[in-house]
Amino acid sequence: MKRLALVASAALIVVLGAGVTATQVSAWGSTGHRMVGVAAMRALSDELPAFLRTPGAVAEVGELSREPDRTKGAGQPHDRERDTAHFVDLDDDGHVMTSAGPTLAELPELKSEYDALLLSAGIEVNDAGYLPYAIMDGFQQLARDFATWRVLNAAEMRETDPGKKAWYRQDRERRQALVLRDIGYLSHYIGDGAQPHHMSVHYNGWGQYPNPEGFTNSRQTHGAFEGAFIRRNMRLDAVEAAMPEPNLDGFELRARMATYLTTTASQVVPFYRLEKTGAFAADADGAVLASGAEFATVRLAAGAGELRDLITLAWRAAGEQSIGWPAVKVAEVEAGAADPWLAMIGED
């Protein structure tokens, strides 16, 4: 509750003081989220289907990467359930909120179990956030989207009945729209997971914690960095150049998520040290210290690289799945060894 209230307060301050919209404060801002989605899509290899690599699809994901912020304000229970998906607050030792909370490597399988664990430790679920589960859920949904698309695509290419072929085509096109939508949502949460403020109890100034290095307690820290600073200083070509090499081997979703988010959390103190130097504020001539721009570029590039990899890994995972009812194996349909008609259109 405190986190969301402070973010709302920071949004108001920035709106009144700098003309930045409230939605730009609640995540990377429109510019940052677009960059993560666009850079990731532009980096996809030809292992992925051609419809994902068109300029239109790239632009669509860039816009849809903003969607989880744009849907805020719908009312309850919508907002309370969804707003806490954007972050997870870790203490300085990597535990959720306090030493009584789990580390990312210790998260239970289900979000309901996570909620119960936090409550038993005296931690408010809404204060803690559940970003890891939003990322894992988004990945698994995308893999199911791809499994369905792969079956529809293979069936359409082989089908000789004109009516069935037309239905496969129409359903494939529907699935393509859903794929882009779900990549956009995954992009948003992956992007949030690259922003150190979304990974820490020190999410908007250092807060009421021991502060031996004298870090700022300004409640404009979060919004000023990920909104106005990013918009003024980030370039897509620089983000693309900084993206890490693909990391596709030995994939296990929960371990990958924990490593990715823990790496971001390790950048909390470096951010505050840079902030003390003025790295995120323009000098008298309007120039920004290179170290601040580099820090932000690397963080956005980390998000774009992770999204690129998770899209590819979801595509690969889909090839090993079964889909529809009665279920058919994706690999068997693609090999021409199974007819998916009833599984796709519905046996009833």
Note to self: Quick check on the chain: helices-only [θ] at 222 nm, where DSSP H runs of length 4 and up contribute -39,500 (n - 2.57) each and the sum goes over total residues. Nearest 500, please.
What the structure shows: -17500 deg cm²/dmol
Check: How much net charge surrounds Ala40 when only the other residues with a Cβ under 12 Å from the Cβ of Ala40 are counted, with Lys and Arg +1 and Asp and Glu -1?
Finding: +1
Item checked: Mean projected area (nm²) of the alpha-carbon convex hull when the range 169-252 is viewed from all directions -> 9.8
Checklist line | Exposure of Glu275 as accessible area (Å², to 10), given a probe of 1.4 Å and all protein chains | finding: 60
Notebook entry, point to check: Just in the range 151-244: which GluC sites (Glu not before Pro) are loop by DSSP and have at most 15 other Cβ atoms within 10 Å?
Noted result: Glu213
Checklist line | Length-normalised contact order of the chain in % [C-alpha pairs under 8 Å, at least 6 apart] | finding: 24
Margin query: Per residue, how large is the accessible surface of the chain? Use a 1.4 angstrom probe and give square angstrom.
Written below: 44
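Normalised by the empirical 2.2 N^0.38 Å for globular proteins, what value does the Cα Rg of the chain take? Please report the intermediate quantities before stating the final value.
On the way: Rg = 21.5 Å, N = 348, 2.2 N^0.38 = 20.3 Å.
Rg over 2.2 N^0.38 Å, computed on Cα atoms: 1.06.
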Notebook entry, point to check: Whole-Hz Karplus ³J(HN,Hα) for the range 40-50, in order, using 6.51 cos²θ - 1.76 cosθ + 1.60 and θ = phi - 60°, x for Gly and Pro?
Noted result: 5, 5, 5, 9, 5, 7, 6, 5, 7, x, 4
Notebook entry, point to check: Once amide H atoms are placed 1.01 Å from N in the peptide plane, what residues at a sequence separation of 5 or more from Leu90, or on another chain, have their amide H within under 5 Å of its amide H?
Noted result: Met97, Ser200, Val201
Next item on the list: Give the carbon-plus-sulfur fraction of the accessible surface of the chain in %, rounded to a whole number; probe 1.4 Å, heavy atoms of protein chains only.
Entry: 53
Next item on the list: Run the dipole for the chain about the Cα centre, Lys and Arg Cβ at +1, Asp and Glu Cβ at -1, nothing else charged, and hand back the magnitude in debye, nearest 20.
Entry: 840
Check: Of Leu342, Gln141, Val179, which is farthest along the charge dipole of the chain in the positive direction, counting Lys and Arg as +1 and Asp and Glu as -1 at C-beta?
Finding: Val179
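Please report, to one decimal in angstroms, the Kirkwood hydrodynamic radius of the range 142-293 built from all distinct Cα-Cα pairs.
It is 19.2 Å.
The values are calculated or read from the model by the stated rules, or taken from the named source; none is laboratory data. None of the values given here were measured: they were computed from a predicted structure. For neighbour counting, all protein chains shown are included, and Cβ atoms are generated from backbone atoms with ideal geometry for every residue, glycine included. These accessible areas exclude ligands, DNA and RNA; they are computed on the full protein's heavy atoms, side chains included. Shrake-Rupley method; radii C 1.70, N 1.55, O 1.52, S 1.80 Å.
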